[in-house]
1. For the charge dipole of the range 227-301, defined by +1 on Lys and Arg C-beta atoms and -1 on Asp and Glu C-beta atoms about the Cα centroid, which residue among 292, 271, 240 has the Cα displaced farthest towards the positive pole?
2. Only Cα pairs within less than 10 Å get springs; with that Gaussian network setup on the chain, which residue of 280, 41, 253 has the largest fluctuation?
3. Taking a ≥ b ≥ c as the square roots of the eigenvalues of the Cα gyration tensor of the range 17-65, is the shape rounded (a/c under 1.5), prolate (a/b larger than b/c) or oblate?
4. May I ask you to evaluate 6.51 cos²θ - 1.76 cosθ + 1.60, the Karplus curve with θ = phi - 60°, for each residue of the range 74-81 and list the ³J(HN,Hα) values in order in whole Hz, giving x for glycine and proline?
5. Kindly identify the range 41-100 as rounded, prolate or oblate by the Cα gyration tensor criterion: order the square roots of the eigenvalues as a ≥ b ≥ c, call it rounded if a/c is under 1.5, otherwise compare a/b with b/c, prolate if a/b is larger, else oblate.
6. Cross-link candidates for residue 253: which lysines have Cα within less than 25 Å, leaving aside residues fewer than 8 places away along the same chain?
7. Once you list every other residue whose beta carbon is under 15 Å from the beta carbon of residue 41, what net charge do they have if Lys and Arg are +1 and Asp and Glu are -1?
8. Under the classification rounded if a/c is under 1.5, otherwise prolate if a/b is larger than b/c and oblate if not, where does the range 202-314 fall, given a ≥ b ≥ c as square roots of the Cα gyration tensor eigenvalues?
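Throughout, read-outs are computed from the coordinates displayed, never taken from laboratory work. Predicted, not measured: the structure shown is a model, and the values here were computed from it. Here the Cβ is made from the backbone with ideal geometry for all residues, glycine too, and neighbour counts use every protein chain on show.
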Amino acid sequence: MDQKMKELRHLLSLKDLSGKEILSLVDLALKIKKSQSKYAKALAGKNLLMFFEKPSLRTRLSFEVAMLQLGGHAIYYDLQGSPLGKGKESVEDTARVVARYMDAIMARLYSHEDLKKIAANSRVPVINGLTDFSHPCQILSDLLTIREKFGKLKGLKLSYLGDANNNVTHSFMFALPKIGMHLSICCPPGKEFSPNPSVVEAAKKYAKDNGTKFIISSNPEEVRDSDVLYTDSWMSYHIPKDQEARRISALQKYQVNSRLMHLAGKKAVFMHCLPAERGKEVTADVIDGAQSIVLDEAENRLHMQKAILLWLMK
Ligand code: CP
Ligand code: NVA
């Protein structure tokens, strides 16, 4: 590995960022959002490759528009149409070649291990656009949204309900305890819906080091007095359709509805990374109601992608 590759920063997991770095990205995104025109040429002449193995609306559009608004260019590349997707080229060769043309790579993949292999073989920064394991860009932009709504992050309590063996949940667990936020995870007992044990260990350690509360409970009433109620799809992109009926019945108790919003309290906001299914993980009256901030949350993907791109590419 050459010296340049050793010094390169990637965004693969929030595990790799300090609390200070996470907060700096939120500050930078706020700054960019307030004076967008100042950054119109910030990445002039730079190219981002966007690899997609799974569907996307928000991640694809926000990265593409972010590059355009920063003066650069983004290329969408569907892995199904690539030699890698056809099993004719290795992840390693793909990454080595791409890095000869591009200034950064964003990849949405099934396997987090494949993402790590891309980064290990890339001479340009690699960004995780979602793997089965984690979704760091989503959580960074969610922190921007929470900061805007409450004017602070430290001391707030976020409760996550539903399928917690989940990329979004893992990224919250890596980030929140490090920046002074309290995190309650409410999910069915048992391995299938519980977070990855290695992430639980990491979150417990960060919470202890930073004096924050971190709990995992099978009782959805732990949402009491939360600032943020958060849920995600019960059918993440990688989950086969034939598991749907069983999962709906196992997760029903964790649906975010008006009773749980009431328990959280009047000041609480509802968040969801989207795509959402009304009547499953959340009821329509909650996601379309006055406490929901899901559209601001979706918009902030754009502002945070800009901060991430500038941090890694400038
Ligand atoms: N939240 C999110 O990542 O949405 P997409 O799957 O549409 O990119
Ligand atoms: N957990 C969801 C997040 C979608 C943005 C999934 O992986 O499909």
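1. Selected residue: 240.
2. 41
3. Values: a/c = 1.95, a/b = 1.25, b/c = 1.56.
Judged from the Cα gyration tensor, the range 17-65 comes out oblate (a/c at least 1.5, b/c at or above a/b).
4. 10, 10, 8, 9, 7, 5, 4, x
5. Working: a/c = 3.88, a/b = 1.58, b/c = 2.45.
Oblate.
6. Qualifying lysines at Cα under 25 Å: 157, 191, 213, 241, 266, 267, 280.
7. Values: positive: 38, 46, 306, 314; negative: 103.
Computed value for this residue: +3.
8. On the way: a/c = 1.38, a/b = 1.21, b/c = 1.15.
Judged from the Cα gyration tensor, the range 202-314 comes out rounded (a/c under 1.5).
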